[in-house]
Amino acid sequence: MVATSTNVLDLLRARGFVAQVSDEDSLRRAFDAGRVTVYQGFDPTATSLHTGNLVGIMALANLQRAGHRTIAVIGGGTGMIGDPSERASERPMLSIEDIHRNLEGIRRQFSPYLDFGDDRGLMIDNADWLLDLKWIEFLRDVGRHFTVNQLMQHGTYWERFQNESFSFIELNYALVQAYDFLHLYRELGCIVQIGGNDQWFNILAGRDLIRRAEGGEAFALTTPLVTTTSGEKLGKTAGNAVWLDPRLTSPYDYYQYWRNTEDADVGRFLRMFTFMPLDEIAELERLEGADLNRAKEVLAFEATKITHGEEEARSAQETAHARFGGGGLDTGPAFTVRRPTSVVDLAVETGLAESKNAAKRHIQGGGLRINEQRVDSSDRMVDPAELPALLSLGKRKVRLVAD
């Protein structure tokens with residue numbers, strides 16, 4: 001654990017993790033006074049977390065490294081409802097089996113970032129307290145502190161209410177998340193909840209519930225909803241999520257995702273997704289032109305090292321060098337072809353193109369290549385006899401195809 005004399009809010013802001021804070025002066029005093037307990041919730045919407053979740057996870061990690069206690073709440077209870085925030089239609093309801101499967105997947109994905117030993121951090125499932133709630137008691141103890149007018153101030157609730165049907169179960173999500181905050185305040189002394197900026201209303205609801213039910217002081221802190229300079233949502237590439245589970249996104253593809261960061265985003269992503277000192281990041285930000293590729297390699301290596309370990313990061317870096325003409329040993333994933341296959345199908349199967357039509361457009365534009373040779377026709381077949389080969393789209397997207 002790394003203690004610091006700087007208020008942790010300044011550190012979080014310097015690294016880009018602060019969008020909104022409730023009563024910042026009081027929260028600063030709380031952080032200055034000693035160790036603070038902070039939590040964020042992660043609902044099990046898939047079998048793996050993705051790079052979009054890393055904003056909150058890395059914010060927690062920086063808080064922990066500054067000496068504060070962190071709680072990662074996995075939403076076995078809230079996942080049964082589904083957060084409607086920022087959604088134009090109702091989220092498909094997960095089965096109990098899907099929730100349990102997803103929980104098993106994400107449970108093991110926090111340990112590269114957070115230390116759960118010696119009371120430094122906790123990982124708990126809100127199903128442990130939510131599933132035991134009695135409905136009438138919940139209405140008396142929690143529901144009475146909310147008004148329908150208050151809930152309708154939630155932008156998503158109001159928009160959905162005006163434009164389409166809005167289910168009663170979704171209306172309850174804010175109450176249930178607010179109760180999570182109240183429970184953690186009572187049982188663990190947690191006084192701060194963090195979350196994405198789309199969670200501002202929900203977090204404030206929990207803060208207000210603590211004040212009304214207990215007369216206590218608690219705080220909301222939201223992180224920005226991160227997009228790339230070109231407007232693409234963080235963690236999306238070729239239309240697919242970039243997962244933390246190496247079975248879904250290989251360490252090599254994970255490395256390449258960060259290596260392909262847009263020039264204008266390199267410094268910002270170094271601050272948010274690595275633990276490098278800020279002065280070293282500032283030096284890398286000064287690089288320009290082709291030299292900026294060195295900063296991108298540092299970002300890719302450091303981000304991959306945190307998530308997958310140093311050995312996998314070095315292997316991914318070596319593979320990238322091998323595939324892009326810089327030497328090194330290619331140990332990255334390869335796509336196997338056992339029979340003649342169209343280059344269009346291969347482009348889709350390897351993730352270079354989102355669809356066959358997209359692959360054909362890339363071919364017409366001259367962007368798809370095999371071993372640096374332009375593919376001139378959508379009818380081009382790839383025979384196992386000509387493998388292994390590198391299938392590429394532009395300079396950044398490269399896939400090894402083997403027999």
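The residue list ALA282, ASN293, THR45 was ranked by how far each Cα lies along the charge dipole of the chain toward its positive end, using unit charges on Cβ atoms, and ASN293 comes out on top.
Here the calculated FRET efficiency for ARG211 and LEU390, from their Cβ-Cβ distance with R0 = 60 Å, stands at 0.50, rounded to the nearest 0.05. Remark: the chain carries a charge dipole of roughly 440 debye about the Cα centre, counting +1 on each Lys and Arg Cβ and -1 on each Asp and Glu Cβ. Net length available on complete extension from GLU372 to GLU97 is 94.3 nm, with 0.36 nm assigned per residue and the Cα-Cα distance removed.
Each of LEU188 and ASP118 was given a label point 7 Å from its Cα along the Cα-to-Cβ line. The distance between the two points is 1.9 nm.
Note on the chain: with neighbouring protein chains present and a 1.4 Å probe, carbon and sulfur make up 47 percent of its accessible heavy-atom surface. Result for the chain in a Gaussian network model with C-alpha springs under 10 Å: among GLY75, GLY267, GLY143, the largest mean-square fluctuation is at GLY143. Run the helix sum for the chain: -39,500 (n - 2.57) per DSSP H stretch of 4+ residues, divided by residue count, reported at 222 nm to the nearest 500 deg cm²/dmol. For the chain, the value works out to -12500 deg cm²/dmol. How many Å² of accessible area per residue for the chain, probe 1.4 Å? So the chain comes to 47 Å² accessible per residue, rounded to a whole number.
Computed over all pairs of different Cα atoms, the Kirkwood value for the hydrodynamic radius of the chain is 23.2 Å. Here the Karplus relation 6.51 cos²θ - 1.76 cosθ + 1.60, evaluated at θ = phi - 60°, turns the backbone of the stretch 37-43 into coupling constants of 9, 10, 9, 9, x, 9, 7 Hz, with x for every Gly and Pro. Computed FRET efficiency, Cβ-Cβ of PHE138 and ALA282, R0 35 Å: what is it to the nearest 0.05? The formula returns an efficiency of 0.10 here.
When a/c reaches 1.5 or more, the comparison of a/b and b/c decides; with that in mind, is the stretch 246-387 rounded, prolate or oblate per its Cα gyration tensor? Prolate is the answer for the stretch 246-387, as a/c is 1.5 or above and a/b outweighs b/c. Taking GluC sites (Glu not before Pro) as exposed when their DSSP state is a loop state and no more than 14 other Cβ atoms lie within 10 Å, the longest site-free interval of the chain runs over 1-85.
The values are calculated or read from the model by the stated rules, or taken from the named source; none is laboratory data. All of these numbers come straight from a predicted model, not from anything done at the bench. Here the Cβ is made from the backbone with ideal geometry for all residues, glycine too, and neighbour counts use every protein chain on show. These area figures cover heavy atoms from the full protein model, side chains too; ligands, DNA and RNA do not enter into them. Shrake-Rupley method; radii C 1.70, N 1.55, O 1.52, S 1.80 Å.
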